[in-house]
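Taken together, the values in this text are just the output of simple stated rules run on the coordinates, not laboratory data. In this text, all values refer to a predicted model and were calculated from it rather than measured experimentally. Cβ atoms come from the backbone with ideal geometry, glycine included; neighbour counts cover every protein chain shown.
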Amino acid sequence: MKILFIGGTGIISSACSQLAIERGYDLTLLNRGQSSRPIPDGARQIQADIRNPEAAKAALANEQFDVVVNWVAFSPEHIATDLELFNGRTAQYIFISSASAYQTPPAHLPITESTPLHNPVWAYSRQKIACEERLLRAYREDGFPVTVIRPSHTYDQTLLPMRGRYTVVNRMRQGKKVVVHGDGTSLWTLTHHRDFAVGFVGLLGHPAAIGDTFHITSDESLSWNQIFQQVAAAAGAKANIVHIPSDTIAHHDADWGDSLLGDKAHSMIFDNSKIKRLVPEFEAKIPFWQGAKEIIAWYDADPARQTTDPAFDQLLDDLIARYDPV
């Protein structure tokens with residue numbers, strides 16, 4: 001198959017690019033060439049900015065693709081560009097949406113692909129919903145061959161799951177307290193990008209995926225207390241946790257609050273039956289405790305990666321002093 005990835009070197013997409021090459025697909029990446037992650041050997045790169053439609057159109061010329069995947073579409077305006085660029089020149093267009101588009105908070109668990117889409121808090125999620133609606137209308141009205149994929153929290157070796165990233169690990173290693181939202185018992189699903197890639201690449205060119213939606217996640221659900229504890233264990237430290245309500249955090253940091261109240265504060269457990277029916281080989285095999293070791297090893301391999309955010313560090317100190325002064 002001849003495949004075009006718009007992006008292709010990000011946290012999620014880099015593993016998918018590598019697996020597509022390993023399976024012998026003819027892969028082209030269209031991006032600006034600014035990622036720190038390398039282009040996989042065997043892939044072709046076209047340097048162009050998809051946000052400049054005329055430049056992208058000129059760079060693609062008259063090429064046709066069996067599959068086009070846009071990893072970096074976030075608004076209906078981006079979708080409008082893609083509909084103009086790719087209508088009639090691909091047999092499958094895959095839009096990368098987000099599991100945060102699902103009903104928040106969820107009325108029922110586990111989440112299935114038929115769970116309603118509704119997120120009243122997070123603008124990012126509402127934009128993804130609007131993108132899905134525009135694409136599905138194009139499928140119904142014009143036969144545009146869309147497939148929608150909804151990743152949940154997918155990570156690679158560079159991505160710590162908590163706000164503040166390495167700042168939190170640094171505090172753990174110093175014996176300082178760290179903040180976990182709520183009481184830390186809400187359940188969360190973390191998916192390693194190599195696991196995600198197996199399900200995703202299995203959908204490339206799959207005729208039964210056209211006009212349909214899928215999420216691809218791990219079947220492992222951990223509490224946020226467990227997530228912090230597993231990161232701490234990988235770092236050779238202890239998680240000295242202070243619990244603070246999500247709405248209290250939101251009062252002090254609106255962006256952090258949006259990501260909690262619009263996503264992470266609610267338990268999210270997924271039913272992966274649908275993707276497993278179409279891609280029987282898909283099985284999330286990498287537990288987070290193992291992924292956490294990969295992450296910490298990556299940070300420890302180069303001290304330059306161990307950057308901390310003094311402003312966030314101070315915010316944690318202030319929150320802890322105010323709500324857990326002992």
Which one of His215, His192, His251 has the biggest mean-square fluctuation once the chain is modelled by GNM with Cα springs under 10 Å?
His251
Would you list His206, His108, His193 from fewest to most Cβ contacts within 10 Å?
His108, His206, His193
In the range 258-326, which GluC sites (Glu not before Pro) fall in coil by DSSP and have 12 or fewer other Cβ atoms within 10 Å?
Glu281
Amide H proximity to Val242 below 5 Å, modelled H, separation 5+ or other chain, gives Val178, Val179, Val180
Once the cut-off is 30 Å, how many percent of the Cα-Cα pairs in the chain end up in the long-distance tail?
37 percent
Using 0.36 nm times the number of residues separating Asp212 and Ala233, minus their current alpha carbon distance, what extension gain do you get?
3.5 nm
Would you work out the relative contact order for the chain, in percent, from Cα pairs under 8 angstrom that are 6 or more residues apart?
19 percent
Diffing the range 119-126: the Karplus 3J(HN,Hα) column from phi (6.51, -1.76, 1.60, θ = phi - 60°), in whole Hz with x for Gly and Pro, holds 9, x, 9, 9, 4, 3, 5, 5
Grab the beta carbon distance between Ile46 and Asp219, set R0 = 41 Å, and tell me the FRET efficiency rounded to 0.05.
0.65
May I ask you to sort Asp82, Asp183, Asp255 by Cβ crowding, counting other Cβ atoms within 10 Å and putting the fewest first?
Asp255, Asp183, Asp82
With N set to the number of residues, divide the alpha-carbon radius of gyration of the range 185-314 by 2.2 N^0.38 Å and report two decimals.
1.26
Per residue of the range 285-290, what does 6.51 cos²θ - 1.76 cosθ + 1.60 with θ = phi - 60° give for ³J(HN,Hα)? Whole Hz please, x for Gly and Pro, Karplus curve as stated.
9, 9, x, 5, 4, 6
Among Met162, Met1, what is the fewest-to-most ranking by other Cβ atoms within 10 Å?
Met1, Met162
Apply 1/(1 + (r/R0)^6) to the Cβ-Cβ distance of Phe74 and Lys2, taking R0 = 35 Å, and write down the FRET efficiency to the nearest 0.05.
0.85
Calc'd 3J(HN,Hα), the range 301-311, phi into Karplus 6.51 cos²θ - 1.76 cosθ + 1.60 (θ = phi - 60°), Hz, glycine/Pro = x, comes to 6, 8, x, 5, 7, 8, 7, 10, 10, x, 5
Taking R0 as 35 Å and r as the Cβ-Cβ distance between Gln290 and Gln103, the FRET efficiency 1/(1 + (r/R0)^6), rounded to the nearest 0.05, comes to 0.65
Using a 7 Å offset from the Cα along the Cα-to-Cβ direction at both Asp318 and Trp298, what is the distance between the two label points in nm, to one decimal?
3.1 nm
Pulled fully out, how much extra length does the chain show between Thr307 and Asn87, if you take 0.36 nm times their separation in residues and subtract their Cα-Cα distance?
74.8 nm
Residues whose built amide H sits under 5 Å from the amide H of Gly211, excluding neighbours closer than 5 in sequence, are Val146, Thr147
Name the lysines eligible as straight-distance cross-link partners of Lys176: C-alpha to C-alpha under 24 Å, and not fewer than 8 places from it in the same chain.
Lys238, Lys264, Lys293
How tilted is helix 76-86 with respect to the longest principal axis of the chain? Cα atoms for both, answer in degrees (0 to 90, nearest 10).
30 degrees
